[in-house]
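Note sheet for the following structure.
Bear in mind these aren't lab numbers, they're just calculated from the coordinates by the rules spelled out. Values in this document were obtained by computation on a predicted structure and should not be read as measured data. A quick note on method: Cβ atoms are made from the backbone with ideal geometry, for glycine too, and the neighbour counts reach across all protein chains shown.
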Number of protein chains: 2
Amino acid sequence: MAIVALAGGIGASKLLLGLSRAMDPRELTVIVNTGDDLELHGLEVSPDVDTVVYTLAGLANPETGWGLRDETWSAHEMLGRYGAPTWFRLGDRDLATHLVRTSRLRGGATPTDVTGELAQALGVRARILPMSDRPVRTRVRTPGGWLDFQEWFVARAHADDALEIRFDGAEDARPTERVLSAVSSADALMIAPSNPFVSIGTILALPGMVAALTGAAAPVVAVSPIVAGVALKGPADRMLETLGGESSALGVARHYAGRYPGLLDGLVVDRADEAQATSIEALGIRALATSAVMRDDADRARLAGEVLAFAAELQTGRNASLGTRQEV
Amino acid sequence: MAIVALAGGIGASKLLLGLSRAMDPRELTVIVNTGDDLELHGLEVSPDVDTVVYTLAGLANPETGWGLRDETWSAHEMLGRYGAPTWFRLGDRDLATHLVRTSRLRGGATPTDVTGELAQALGVRARILPMSDRPVRTRVRTPGGWLDFQEWFVARAHADDALEIRFDGAEDARPTERVLSAVSSADALMIAPSNPFVSIGTILALPGMVAALTGAAAPVVAVSPIVAGVALKGPADRMLETLGGESSALGVARHYAGRYPGLLDGLVVDRADEAQATSIEALGIRALATSAVMRDDADRARLAGEVLAFAAELQTGRNASLGTRQEV
């Protein structure tokens, strides 16, 4: 069963880890947001891709969610001594990733090539694909003006209200052939509990991406990043409000239904939000309420299994309704 | 008293440290070999410049002579995991230097600018000048063919006989204006006990460099890198033999006198080589025999003081003989 998941970084990682254990990881393809990418100290840094690679390699730092476990910070300290920018912390082990990536990219390799090489070197069996080989840069309008994504997210700790999101370069970017081919041949398409605006929204901003997903044979199932009105990670809850919606599982459903009609077949919500299921289903999105907060490996594997089963059920439903239509 | 020293890396560092303590370090200018520079993991690495900067900053690794003290090796280990080349070890703290250098060079700064910035950030008060802002790459012919300097020196641990030395790019390089101006206004010019072929030889291969040194008002005093027939550091002893000379203080004098006639006014040798003083002086080079092996800070400061006094004495001699000539 070929599973394709759209993902940002930290918010997605627990579910991805669960999926990679609940299924044959070689059947899992993760399409990762690259709108957060930045150049730092002359290095090409791709935070979400690295978070996904490190997570699936079992090397992620369990305390931060980003970066590598058993990390040291010698280069970071020395960079500070040189007066280089240190607002975006790069660990010593992590630096090796950026050095190899930058070197390979300058030598003509694509982000897709490099991601595959890095993941393979670290023993990742799932296929991790950057959403595009062309640069896209997410920018956020705040009351003080437009900020680069990482300036807003890391340097200013997303303290400023996000009033508008822009994806510079998206109109000239394209999902890669490997992304489109994975989507079209998937048995289930998942949207990880990542930020709907600046993680998933970036992937969906690529020309042709929404059409590829809605046109695919497989159902699209999202996992709500909002539980009981609060984002599990990051600023998704505040963004739902400042960008014109509400911070709730239903707000997530309305966001997807409003911006991408027909995209979502199902939404997995926490039991705390079970009362919203009827309203979600009224939008044409099947809802599954379960325990959606992942505290340990057992939680991750269980939720992943439930999401897979939900997708299979939706697929059967689609086939049945297709059958019905054909009968008409 | 403005002192200018020509230097490689490790071989020079003890004397430079002594000099910087025996005099006002702001009066010390070090002109450093850059023929050992290499690009590694996409970074511009300048090993001799860094060794001199780290040494004068008091941050050099006392065990290796190269790199930084209190170093960690996390990036190096991770680079190995990615299959990147690891024969040239870059520590984590050291990596910060290469990141800053590479970033600044790509942004249009010169090696001279960057070296000044790095040295200043680390509190170095002496002026450290790369010999040129143009690239020069030292290559070594061995029985197996031509090798890049670091391939010969580090990767193969200078095990192959050096049969010929070449300085690629030297004909198109030039000493910088700052180098030439430091030389012409110096009160004493010193040649550190560095490798005469692949450290000092590289600097002297720059068009106009020998003429600038011989034409300068100040005397040129070298410190022998050979003591009792053996190189204090590195392969200078074997090179003196395989490149057609002999491994001795006299061999060093003959090398300089033969290739660069009139360059050396004085040579400081160890007491162990005192018997060679007469033969050295027969080449027109004044010899000073003293304890030239530096084991501790006291040794370094004492030798530096003696070298400074020797240079001052030679300067007086030059002035006297100039006076004599004028009288004729």
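How large is the dipole of the stretch A:176-327 about the Cα centre if only Lys and Arg carry +1 and Asp and Glu carry -1, each at its Cβ, rounded to the nearest 20 debye?
Dipole about the Cα centre, nearest 20: 260 debye.
Explain nothing, just the number: dipole magnitude of the stretch A:3-327 about its Cα centre with +1 on each Lys and Arg Cβ and -1 on each Asp and Glu Cβ, in debye rounded to the nearest 20. Present the calculation step by step, with values, prior to reporting the outcome.
Working: 31 positive and 41 negative charges, 61 e Å.
It works out to roughly 300 debye.
Which angle from 0 to 90°, rounded to the nearest 10, does the C-alpha axis of helix A:92-106 make with the longest principal axis of chain A?
80
Give the dimensionless ratio obtained when the Cα radius of gyration of the protein assembly as shown is divided by 2.2 N^0.38 Å.
1.26
Which residue, B:158, B:188, B:199, has the largest displacement toward the positive end of the dipole of chain B when charges sit on each Cβ (Lys, Arg +1; Asp, Glu -1)?
My answer, from the dipole projection, is B:188.
Would you calculate, for chain B, the mean residue ellipticity at 222 nm contributed by helices, counting each DSSP H stretch of 4 or more residues as -39,500 (n - 2.57) and dividing by all residues, to the nearest 500? Walk me through the intermediate numbers first.
Working: 12 runs with 132 residues, N = 328.
Rounded to the nearest 500, it is -12000 deg cm²/dmol.
Give the order of B:154, A:230 when sorted by the count of other beta carbons within 10 angstrom, beginning with the fewest.
In increasing order of surrounding Cβ atoms, one gets A:230, B:154.
I need A:44, B:117 ordered by Cβ neighbour count within 10 Å, fewest first.
Ranked by crowding around the Cβ, least crowded first: B:117, A:44.
Using Cα-Cα distances under 8 Å and only pairs 6 or more residues apart, what relative contact order does the stretch B:108-258 have, in percent?
Details: 226 pairs, mean separation 27.8, N = 151.
Normalised by residue count, the contact order of the stretch B:108-258 is 18 percent.
Would you mind listing the distances between the residue A:274 label point and the same position in each other copy? Use 7 Å along Cα-to-C-beta, nm, one decimal, shortest first.
9.8
Which whole-number percent gives the relative contact order of chain A, counting Cα pairs below 8 Å spaced six or more residues apart? Mind dumping the intermediate values first?
On the way: 646 pairs, mean separation 62.2, N = 328.
Averaging sequence separation for qualifying contacts and normalising by length gives 19 percent for chain A.
All other residues with a Cβ under 14 Å from the Cβ of residue B:296 taken together, and with Lys, Arg as +1 and Asp, Glu as -1, what is their net charge?
On the way: positive: B:14, B:21, B:295, B:300, B:302; negative: B:297, B:299.
Once all neighbours under 14 Å are counted, the net charge is +3.
Counting only other residues whose beta carbon sits under 12 Å from that of residue A:235, what net charge do I get with K and R as +1, D and E as -1?
-1
Please label the shape of the stretch B:86-192 as rounded, prolate or oblate, based on the square roots a ≥ b ≥ c of the eigenvalues of the alpha-carbon gyration tensor (a/c under 1.5 means rounded; beyond that, a/b larger than b/c means prolate, else oblate). Numbers along the way, then the final one.
Values: a/c = 1.94, a/b = 1.31, b/c = 1.48.
The shape class here is oblate.
Using Cα-Cα distances under 8 Å and only pairs 6 or more residues apart, what relative contact order does the stretch B:170-291 have, in percent? Write down the numbers at each step before the final one.
Values: 209 pairs, mean separation 26.5, N = 122.
After rounding, I find 22 percent.
So how strong a dipole does the protein assembly as shown carry about its Cα centre when Lys and Arg Cβ are +1 and Asp and Glu Cβ are -1, to the nearest 20 debye? Please list the in-between numbers first.
On the way: 62 positive and 82 negative charges, 65 e Å.
Its charge dipole is roughly 320 debye.
Can you put B:27, A:274 in order of Cβ neighbours within 10 angstrom, beginning with the fewest?
A:274, B:27
Report the net charge of residues surrounding residue B:70, where surrounding means a beta-carbon distance below 12 angstrom and charges are Lys +1, Arg +1, Asp -1, Glu -1.
On the way: positive: B:69, B:93; negative: A:77, B:63, B:71, B:92, B:94.
Every neighbour counted, the sum reads -3.
For the stretch B:147-283, what is Rg from Cα atoms divided by 2.2 N^0.38 Å, rounded to two decimals?
Working it through for the stretch B:147-283, the quotient is 1.06.
For labels at residue A:283 and residue A:243 in the simple 7 Å Cα→Cβ model, what's the distance in nm?
Rounded to a tenth, the inter-label distance reads 1.3 nm.
Place a label point 7 angstrom from the Cα of residue B:141 along the Cα-to-Cβ direction, then list the residues of the stretch B:147-189 whose backbone nitrogen is under 15 Å away.
What the label zone holds, given the 15 Å backbone N cut-off, is B:147-148, B:161-168.
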